[in-house]
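A short worksheet on the structure shown next.
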Amino acid sequence: MMAAAQDGPLYLGFDFSTQQLKVVAVDGNLSVVHQDNVQFDSELPEFRTQGGVHIHADKLTVTSPVLMWVKALDLLLDKMKKAGFDFSRVIGLSGSGQQHGSVYWRRGASETLKQLDPNRDLHHLLRDSFSVADAPVWMDSSTGHQCQDLQAAVGGPRRLAEITGSRAYERFTGNQIAKVRHTQPESYQHTERISLVSSFAASLFLGDYAAIDFSDGSGMNLLDIRSRTWSEVCLDAVAPQLDRLLGAPLPSTSVLGGVSSYWVRRFGFSERCRVVAFTGDNPASLAGMRLQDGDIAVSLGTSDTVFLWIQEPRPALEGHVFCNPVDWRAYMALLCFKNGSLTRERIRNRSAGGSWERFSATLRETPLGNGGNIGFFFDTMEITPPAVGVHLFDSGDKQVSSLSPQVEVRALVEGQFLSRRLHAERLGYSIIPGTRVLATGGASSNKEILQVLSDVFNAPVYTIDLSNSACLGSAYRALHGLAAESGLSFFDAVKKASNPQLAATPHPTAQEVYAPMLKRYALLEERVLQEPRL
Ligand code: 5FX
């Protein structure tokens, strides 16, 4: 024991994501010393999930069994123990959970949490602790009525966005709670506390109900993101006295307390080990990327996601503004674009003979600004903006039915990045000296695509591996949470982590070309949105 303690402190980050539970341990130099995971479908087949969830007959309701998450934690810790992981070195832990999901604790559960018998698995001990066995998760889209009711109660979607950072979304927790209250009134009656997936997981370590943090709390359509307190008008629209069931929200950097004696006695955790508030997976990813003021992260995957660090919230009818997980005074924004890699692949197949080399060569050979041609490629109904179809325009803003293959390739990539920039700016993002674009995801390995990204944003592009970012970000947050008590900033606390790699710098004429093109793009997007949907 003594020898192990001399090896220096460790910090754990957990990620309760949709398909798996992951853990990563980092040392004081932020080097990863251990990682492991439990896959829900294959390692816990008794719960019969697909991709970690149950999709119900209506195709809209999507839930996950709460006990599956608890059992996954039993399994994960057992695996770590078998691998010889020394829990006594852990002085801080934190974690993340898929955003928006909700867990309903049955009356009496808080007493159970306080007296967990270290000789037994958690999933046995907590078998009767949940009033709703199947937790609604972020993939659920069954609460259309509840969304309408909430928006009507507060004065419309724009007003709701101004208060909570987002208009009503089906997956957001307030609307989910309203649905549970109406469809499962008895279960709701027996509920003592409602947690998010993140605060539920923190509660397991704490042996008591953990507070919802400001950042994940912003994904509920219930938190006033400016005052960082529950919005009375929103709570009242969802359920009477809901504040009692939710508990008071806390800053995301809060140290909630020590691990409960269950963890000390069952796995040999130190009594010194602190639990730092858990948060949502997207806020935790922002921490894992070490995104800073002025930065923008663009994840280029099946769908593209944009993360922003913003100082002043300017919520809109699209995207989400959340309280920032690493600096309580700041905010972050999240935008989702459905037409990402699949559309890039379709145009590669159509206009570059199915070859990424030809696609890249085309981007090298065509001029910045594409001779004024602009394209919108929404193969499937887009989220940002809500439009569908392919819309092509020539340099005189005249709609055309086709473009040459070379022009089409550049129109696609420029159009996608103009859209990412336009919508980011609408949420309050602006390019300032020192702005970095962090690129991640499959397409971030393509140099020419990154060059267009750099040109359109007129900023240097860096690449970063994000595959583990929520988990890693949670371990960083554990370390920072402990240090934050002495006033250390997140960036000072994690400065030893490895830096992203510079991949592209903007062409000297980029600003001249893309500043006016962005204005034209915005006007043309208006036109596209006015077109009747077929
Ligand atoms: C964000 O608003 C989402 O719904 C998803 O990214 C979930 O957080 C995935 F876990």
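Grab the DSSP H runs of the chain that are 4 residues or longer, score each as -39,500 (n - 2.57), total them, divide by all residues and round the 222 nm result to the nearest 500 deg cm²/dmol.
Value at 222 nm, helices only, nearest 500: -11000 deg cm²/dmol.
Dividing the alpha-carbon radius of gyration of the chain by 2.2 N^0.38 Å (N being the number of residues), what value is obtained?
On the way: Rg = 23.8 Å, N = 534, 2.2 N^0.38 = 23.9 Å.
Its radius of gyration relative to the 2.2 N^0.38 Å reference: 0.99.
Counting only DSSP beta bridges with both residues in the chain, what percent are antiparallel, rounded to the nearest 5? The partial results should precede the final answer.
Values: 57 of 76 bridges.
The antiparallel proportion sits near 75 percent.
Packing-wise, with mean Cβ within 10 Å as the measure, how do 405-413, 84-92, 41-49 rank, highest first?
405-413, 84-92, 41-49
Between Val33 and Ser110, 0.36 nm times their residue separation minus their Cα-Cα distance comes to what?
Values: separation 77, 0.36 × 77 = 27.72 nm, distance 3.37 nm.
Gain on stretching Val33 to Ser110: 24.3 nm.
On a full-extension model of 0.36 nm per residue, what is the gain between His145 and Ile55, subtracting their alpha-carbon distance, rounded to one decimal in nm? Can you show the working numbers first?
Numbers: separation 90, 0.36 × 90 = 32.40 nm, distance 1.93 nm.
Here the segment from His145 to Ile55 would lengthen by 30.5 nm.
Got the relative contact order for the chain handy, in percent, Cα pairs under 8 Å and 6 or more residues apart? Display every interim value, and only then the final one.
Numbers: 1203 pairs, mean separation 79.8, N = 534.
So the answer I get is 15 percent.
Please list, in order along the stretch 286-301, the HN-Hα scalar couplings obtained from phi with the Karplus expression 6.51 cos²θ - 1.76 cosθ + 1.60 (θ = phi - 60°), rounded to whole Hz, x for Gly and Pro.
Each residue's phi maps through the Karplus curve to give 4, 5, x, 7, 6, 5, 10, 3, x, 6, 9, 10, 10, 9, 9, x Hz.
Which ³J(HN,Hα) values, rounded to whole Hz and listed in residue order, are derived for the stretch 400-416 from phi using the Karplus coefficients 6.51, -1.76 and 1.60 in 6.51 cos²θ - 1.76 cosθ + 1.60 with θ = phi - 60°, glycine and proline given as x?
In residue order, the calculated couplings are 10, 8, 7, 10, 5, x, 5, 5, 5, 4, 5, 4, 5, 5, 4, x, 4 Hz.
On a C-alpha basis, how far is the centre of the stretch 1-60 from the centre of the stretch 69-144 in Å? Whole number, if you could?
What the calculation gives is 12 Å, centre to centre.
How far is helix 356-365 tilted, in degrees, relative to the longest principal axis of the Cα atoms in the chain, given as a value from 0 to 90 rounded to the nearest 10?
50
Give me the distance in nm between label points sitting 7 Å out from Cα along the Cα-to-Cβ direction at Arg127 and Arg272, one decimal.
With each label point 7 Å from Cα toward Cβ, the separation is 3.9 nm.
Run the quick spin-label model on Glu312 and Thr505: label points 7 Å from Cα toward the beta carbon, then report their separation in nm to one decimal.
Result: 3.2 nm between the two label points.
Just check the stretch 22-151 against the gyration tensor rule for me: Cα atoms, a ≥ b ≥ c as the square roots of the eigenvalues, rounded for a/c under 1.5, and otherwise prolate or oblate depending on whether a/b exceeds b/c.
Numbers: a/c = 1.89, a/b = 1.61, b/c = 1.17.
It comes out prolate by the Cα gyration axes.
Compute the length gained on full extension between Lys495 and Gln530: take 0.36 nm times their separation in residues and subtract their Cα-Cα distance, giving the result in nm to one decimal.
On the way: separation 35, 0.36 × 35 = 12.60 nm, distance 4.77 nm.
Gain on extension, Lys495 to Gln530, equals 7.8 nm.
Between Ser430 and Glu512, with labels modelled 7 Å along Cα→Cβ, what's the label distance in nm to one decimal, could you check?
2.4
Among all lysine pairs in the stretch 10-283 that are eight or more places apart or on different chains, how many have alpha carbons less than 19 angstrom apart?
The number of close lysine pairs in the stretch 10-283 is 9.
Please work out the FRET efficiency for the pair Arg228 and Glu345, using the Cβ-Cβ distance as r and a Förster radius of 35 Å; give the result to the nearest 0.05. Intermediate results must be reported in sequence, preceding the final value.
Working: r = 42 Å, r/R0 = 1.20.
Calculated value: 0.25.
Would you mind computing Rg(Cα) / (2.2 N^0.38 Å) for the stretch 10-283, counting N as its residues? Before the final figure, lay out each step's value.
Details: Rg = 18.1 Å, N = 274, 2.2 N^0.38 = 18.6 Å.
This ratio for the stretch 10-283 stands at 0.98.
Determine one quarter of the surface area of the Cα convex hull of the stretch 243-335, which equals its mean projected area, and express it in nm² to one decimal. Show your work: numbers first, answer last.
Working: hull surface 35.7 nm².
The orientation-averaged projected area of the Cα hull of the stretch 243-335 comes to 8.9 nm².
Taking amide H positions as placed in the peptide plane 1.01 Å from N, state which residues far from Gly258 in sequence (5 or more) or on other chains have amide H under 5 Å from it.
The answer is Val275.
Going through the stretch 360-431, which chymotrypsin sites (Phe, Trp or Tyr not before Pro) have at most 14 other Cβ atoms within 10 Å and a DSSP loop state? Intermediate values should be presented prior to the final figure.
Values: sites: Phe376, Phe377, Phe378, Phe393, Phe417, Tyr429; in loops: Tyr429.
Sparse-neighbourhood loop chymotrypsin sites (Phe, Trp or Tyr not before Pro): none present.
Any read-out appearing in this document is the output of simple, stated calculations on the displayed coordinates, not a laboratory observation. Source: prediction; values computed, not measured. Note that each Cβ is placed from the backbone with ideal geometry, even for glycine, and that neighbours are counted across all protein chains shown.
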